[in-house]
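A.B. asks: Pasting in a structure now, in structure tokens, and then I'll have a few things to ask.
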Amino acid sequence: MNIGQILKTKARGVSTARAEDTIQEIATRLAQRKIGAVVIVGENGKVVGIISERDIIRLIAEHGPKALTMVASSGMTREVVSCSKTSTLEEIMDAMTQGRFRHLPVIEDGSLVGIVSIGDVVKHHTAEVELEVTAMRGYLATG
Ligand code: AMP
């Protein structure tokens, strides 16, 4: 299974924000959309960073309540690891494990076309494993 197939099963659209948006605005968006990260894009729509709930917790731990008035650029990760629609489930599982993060933007021809989370990975990986187990059971049963 590749990422293009996984994206087809998801609601369209990726939540994005701007580097100058405040942490309060980003936190509100994460809460409203029940998501864990937003991709930060520049004026041309290009990815310039990613900010997750973990970054927000870190900012609050470091700066207290005033973290909420800080801007996204002060807490986002700028070196964003991404994947493409042709990346495989195994490849993105490796990337998430190596990078110790749970979100991976999907880039196609330089543009952001989706995002996959650890939740998507677990769901589709479990489905694949279940399919294999069913096939193996059938194979054993028929000898
Ligand atoms: P997460 O596990 O996704 O909440 O993210 C943990 C940390 O990794 C945070 O500092 C994020 O900004 C960062 N991060 C999340 N996704 C990515 C990614 N695709 N590339 C680089 N850093 C990321």
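A.B. asks: Given charges of +1 on the Cβ of Lys and Arg and -1 on the Cβ of Asp and Glu, with all other atoms neutral, how large is the dipole of the chain about its Cα centre, in debye to the nearest 20? Mind showing how you got there, number by number?
C.D. replies: Numbers: 17 positive and 17 negative charges, 79 e Å.
With only Lys, Arg, Asp and Glu charged at Cβ, the dipole is about 380 debye.
A.B. asks: Okay, next question. Would you please name the trypsin sites (Lys or Arg not before Pro) within the range 54-116 that are DSSP coil residues with at most 15 other C-beta atoms within 10 Å of their C-beta?
C.D. replies: Values: sites: R54, R58, K66, R78, K85, R100, R102; in loops: R78, K85, R100, R102.
Filter output for the range 54-116: R78, R100.
A.B. asks: Take the Cα gyration tensor of the chain, multiply each eigenvalue by 5, square-root it, and list the three semi-axes largest first, rounded to whole angstrom.
C.D. replies: Computed over the chain, the values are 34, 16, 12 Å.
A.B. asks: Continuing with the same structure: For the chain, which longest stretch is free of loop sites, where a loop site is one of the GluC sites (Glu not before Pro) that DSSP puts outside H, G, I, E and B and that has at most 12 other Cβ atoms within 10 Å?
C.D. replies: 80-143
A.B. asks: Further question: In whole Hz, what ³J(HN,Hα) sequence does the range 6-11 give by Karplus (6.51, -1.76, 1.60; θ = phi - 60°), x for Gly and Pro?
C.D. replies: Using θ = phi - 60°, the values come out as 5, 4, 4, 8, 9, 4 Hz.
A.B. asks: So what is the calculated 222 nm ellipticity per residue for the chain, using -39500 (n - 2.57) for each DSSP H run with n of 4 or more, over all residues, to the nearest 500 deg cm²/dmol?
C.D. replies: When only DSSP H runs of four or more count, the value is -14000 deg cm²/dmol.
A.B. asks: Normalising by the residue count of the range 15-143, find the relative contact order in percent from Cα pairs under 8 Å and 6+ residues apart.
C.D. replies: Relative contact order for the range 15-143 comes out at 19 percent.
A.B. asks: Count the lysine pairs in the chain whose Cα atoms lie under 21 Å apart, taking only pairs 8 or more positions apart in sequence or on different chains.
C.D. replies: So the count works out to 9.
A.B. asks: Hey, another quick one. Just to be sure I understand the rule: take each whole DSSP H helix in the chain, project its Cα atoms onto its long axis, keep it if the span is 24 Å or more and its mean Kyte-Doolittle hydropathy is at least -1.0. Which ones pass?
C.D. replies: On the way: long enough: 118-142 (36 Å, 0.13).
Span-like helices in the chain: 118-142.
Coordinate-derived values only; no laboratory data. Note that this is a predicted model, so its numbers are computed, not measured. Backbone-built Cβ (ideal geometry, glycine too); neighbour counts: all protein chains shown.
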